[in-house]
Amino acid sequence: MVFLETAIVSIVDDYGKQHEARALLDSGSMANFVSEALDRKLLNTRTKVNVSVSGIGKAIQQVKGSITATVRSKIHHFDTQLEFLILDLPSADIPTTPIDVSSWEMRNVTLADPTYHIPGKIDIVIGGDAFWELHTGNKRSLGTGRPWLVETQFGWTVAGNSSQQTNTPRICHAAMNEKQLESIMTRFWENETILDDPVLSNEEDSCEKHYISTTTRNASGRYVVKLPFNPIPGIVLGASRESAKRRFLALERRLESNPLMKSAYSSFMEEYQRLGHMRKLSNPVDDTCPHYYLPHHAVLKEKSTSTKVRVVFDASCKTSSGISLNDTLLVGPIIQQDLFTIMLRFRSHAIAITADVEKMYRQILHDPLDKNFLRILYRDNPREAIDTFELQTVTYGTASALFLATRTLTRCLPRFFGHGFFPIGSRQPHSG
């Protein structure tokens with residue numbers, strides 16, 4: 001039985017949070033690797049790569065992503081920043097079978113991995129580029145027919161041959177990057193290929209998982225979504241009502257000087273309320289809970305064939321803390337295909353059919369707990385008091401609106417998305 005060096009380490013993510021991981025120290029590997037499971041926990045920024053990784057027998061795997069993370073010792077004051085290629089499973093369980101070490105003398109030794117003799121999963125592989133940096137050069141013999149104790153920055157590891165015999169398979173962790181002519185040519189042709197499944201960043205993946213786990217349908221069949229808030233600590237909304245009030249009073253003065261625009265603006269807001277897309281709150285309004293007031297203004301589109309004046313909601317307006325609602329939201333991945341792909345598909349059929357989903361954004365409801373963050377101030381008559389309303393539907397102007405609306409459309413029409421149908425985008429995004 002041969003022992004390979006393992007250590008329990010801390011991995012520091014982009015937000016400073018430490019995650020415990022079991023590492024394999026492998027001088028035979030030309031790259032560092034991290035498991036897909038640990039990568040999802042870290043939420044570090046993922047970089048797209050296209051690397052061929054080969055091992056024994058020249059078996060090749062394609063790696064599509066990498067991250068950079070800091071590896072920190074749990075015993076000594078030591079850390080190092082490494083780049084990791086992402087693999088589903090960077091290694092088999094190590095060791096492959098439990099080993100009886102009860103008779104081994106290990107006094108005054110702090111082990112890097114106290115469970116070195118018990119089979120367990122490997123979260124990361126640290127390869128040859130950092131392997132020798134981790135070793136101090138000190139080692140101790142455990143006796144004849146037993147492995148060595150090797151001192152590292154993570155503590156003492158156990159490495160080498162043991163006289164204990166097992167019938168378990170033997171494993172090898174040597175790996176290398178293929179950077180020869182064949183790999184270069186492969187990358188060239190892949191760059192010329194339109195990928196069906198683009199690699200999602202960690203934030204995009206988190207947003208998709210949030211959508212899947214929180215989206216529901218109410219009794220009338222309408223979809224109900226939740227705002228995908230960013231889990232980064234320290235992003236806190238401040239006060240926003242006074243800023244929204246100043247913006248509304250400035251808008252009101254502008255509308256008073258343009259009766260035609262005011263009439264169109266009032267009609268738009270009246271329809272918004274009549275359709276149940278916004279709801280008036282009774283006074284006094286509770287502002288002690290987390291909330292956000294969205295400023296709004298008019299946009300004039302002379303060439304529009306439907307509504308020439310549209311209302312735009314500004315979720316990028318900063319609160320007193322310097323943070324806006326959009327700063328707290330995940331944007332989500334781009335679901336609709338690029339224009340080039342759509343044009344190619346358009347030219348491959350004799351007949352093309354287009355359609356428009358009327359008020360697409362506003363067909364989708366927001367969870368009641370989110371509506372505190374979708375408040376607006378409005379009144380139709382300057383001589384009346386300013387009222388507070390809550391928007392009830394997905395609102396254009398919020399960072400996640402495009403994703404929530406388009407993702408819900410794919411959920412409504414799953415059969416069409418595999419047969420040449422795909423949304424190009426909202427024709428009238430400001431009206432939702």
Next item on the list: Mind listing just one residue for me: the one in the range 389-411 that is touching a Phe, Trp or Tyr at 6+ places or on another chain (Cβ under 8 Å) and in a strand (DSSP E or B) and, of those, farthest from GLU358 (Cα to Cα)?
Entry: PHE389
Next item on the list: Filter the range 346-386 down to the residues that are touching a Gly at 6+ places or on another chain (Cβ under 6 Å) and assigned to a helix (DSSP H, G or I), then identify the one that is surrounded by the most Cβ atoms within 10 Å (Cβ to Cβ).
Entry: TYR361
Checklist line | Checking MET343 against (1) assigned to a helix (DSSP H, G or I); (2) modelled with pLDDT of 90 or more; (3) exposed (fewer than 14 other Cβ atoms within 10 Å of the Cβ), the condition it does not meet | finding: (2)
Next item on the list: Please report, ordered by residue number, the strands (runs of 3 or more DSSP E) entirely within the range 126-165 with at least 2 residues that are closer than 27 Å to SER103 by Cβ, more than 37 Å from the chain's Cα centre (by Cα) and touching a residue at least 24 places away in the same chain (Cβ under 8 Å).
Entry: 148-152, 155-161
Item checked: Matching residues in the range 210-241 - criterion: being basic (Lys, Arg) and over 22 Å from MET360 (Cα atoms) -> ARG241
Note to self: If I filter the range 77-88 for residues that are touching a helix residue (DSSP H, G or I) at 6+ places or on another chain (Cβ under 6 Å), among the acidic types (Asp, Glu) and either open to solvent by 20 Å² or more (accessible area, probe 1.4 Å) or outside any loop (DSSP other than H, G, I, E, B) (or both), do I get at least one hit?
What the structure shows: yes
Note to self: For the range 96-105, check the following and say yes or no: at least one residue is open to solvent by less than 20 Å² (accessible area, probe 1.4 Å) and either of a type in the set (Lys, Arg) or part of a loop (DSSP other than H, G, I, E, B) (or both).
What the structure shows: yes
Notebook entry, point to check: Which condition breaks for TYR272 when tested against (1) surrounded by 15 or more Cβ atoms within 10 Å (Cβ to Cβ); (2) assigned to a helix (DSSP H, G or I); (3) at pLDDT below 90; (4) not aliphatic (A, V, I, L, M)?
Noted result: (3)
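Considering VAL331, VAL309, which residue is of a type in the set (Val, Ile, Thr) and modelled with pLDDT of 90 or more?
On the way: VAL309 fails: modelled with pLDDT of 90 or more.
None of the others qualify; the one that does is VAL331.
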Notebook entry, point to check: Restricting attention to the range 315-335, which residues are within 27 Å of GLU271 (Cβ to Cβ) and open to solvent by 40 Å² or more (accessible area, probe 1.4 Å)?
Noted result: SER316
Checklist line | Odd one out for VAL53 among (1) more than 13 Å from ALA130 (Cβ to Cβ); (2) within 25 Å of the chain's Cα centre (by Cα) | finding: (2)
Item checked: Selection within the range 107-155 - open to solvent by 80 Å² or more (accessible area, probe 1.4 Å) and acidic (Asp, Glu) -> ASP129, GLU133
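Going by the structure shown, is LEU300 touching a Pro at 6+ places or on another chain (Cβ under 9 Å) and either touching a residue at least 12 places away in the same chain (Cβ under 8 Å) or under 19 Å from GLN392 (Cβ atoms) (or both)? Give the derivation first.
On the way: touching a Pro at 6+ places or on another chain (Cβ under 9 Å): no; either touching a residue at least 12 places away in the same chain (Cβ under 8 Å) or under 19 Å from GLN392 (Cβ atoms) (or both): yes.
When the stated conditions are applied, LEU300 does not pass them.
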Next item on the list: Quick one: in the range 308-340, of everything that is among the hydrophobic types (A, V, I, L, M, F, W, C) and not in a loop (DSSP other than H, G, I, E, B), which residue is nearest to HIS291 (Cα to Cα)?
Entry: LEU329
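Taking THR68 as the residue in question, decide whether it is of a type in the set (S, T, N, Q), closer than 30 Å to GLU203 by Cα, modelled with pLDDT under 90 and under 19 Å from the mean Cα position of the chain (by Cα). Step through it out loud before you land on a result.
Numbers: of a type in the set (S, T, N, Q): yes; closer than 30 Å to GLU203 by Cα: yes; modelled with pLDDT under 90: no; under 19 Å from the mean Cα position of the chain (by Cα): yes.
Against the criterion (of a type in the set (S, T, N, Q), closer than 30 Å to GLU203 by Cα, modelled with pLDDT under 90 and under 19 Å from the mean Cα position of the chain (by Cα)), THR68 does not qualify.
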Check: Restricting to the range 225-242, what's the tally of residues that are surrounded by 12 or more Cβ atoms within 10 Å (Cβ to Cβ), under 30 Å from GLU204 (Cβ atoms) and either of a type in the set (D, E, K, R) or in contact with a Lys or Arg (Cβ under 9 Å, 6 or more places away or on another chain) (or both)?
Finding: 4
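Between ASN202, ASN218, which is of a type outside the set (Lys, Arg) and either in contact with a Leu (Cβ under 6 Å, 6 or more places away or on another chain) or modelled with pLDDT under 90 (or both)? Please lay out each step first, then the result.
Numbers: ASN218 fails: either in contact with a Leu (Cβ under 6 Å, 6 or more places away or on another chain) or modelled with pLDDT under 90 (or both).
Checking each option against the conditions leaves just ASN202.
Just to be sure I understand, how many residues within the range 212-263 are among the aliphatic types (A, V, I, L, M) and either without any contact (Cβ under 8 Å) to a residue 12 or more places away in the chain or closer than 14 Å to TYR292 by Cβ (or both)? So that I can check it myself, show each step before the final result.
Taking the range 212-263 and keeping what is among the aliphatic types (A, V, I, L, M), we get 212, 219, 224-225, 227, 232, 235-237, 239, 244, 249-251, 255, 260-261.
With either without any contact (Cβ under 8 Å) to a residue 12 or more places away in the chain or closer than 14 Å to TYR292 by Cβ (or both) added as a condition, the list becomes 212, 219, 227, 235-237, 239, 244, 249-250, 260.
So the answer is 11.
The values are calculated or read from the model by the stated rules, or taken from the named source; none is laboratory data. Quantities reported herein were computed from a predicted structural model and do not represent experimental measurements. Counting neighbours? That spans all protein chains shown, and the Cβs are built from the backbone with ideal geometry, glycine included. Protein only, heavy atoms only, side chains kept; ligands, DNA and RNA dropped before computing areas. Shrake-Rupley method; radii C 1.70, N 1.55, O 1.52, S 1.80 Å.
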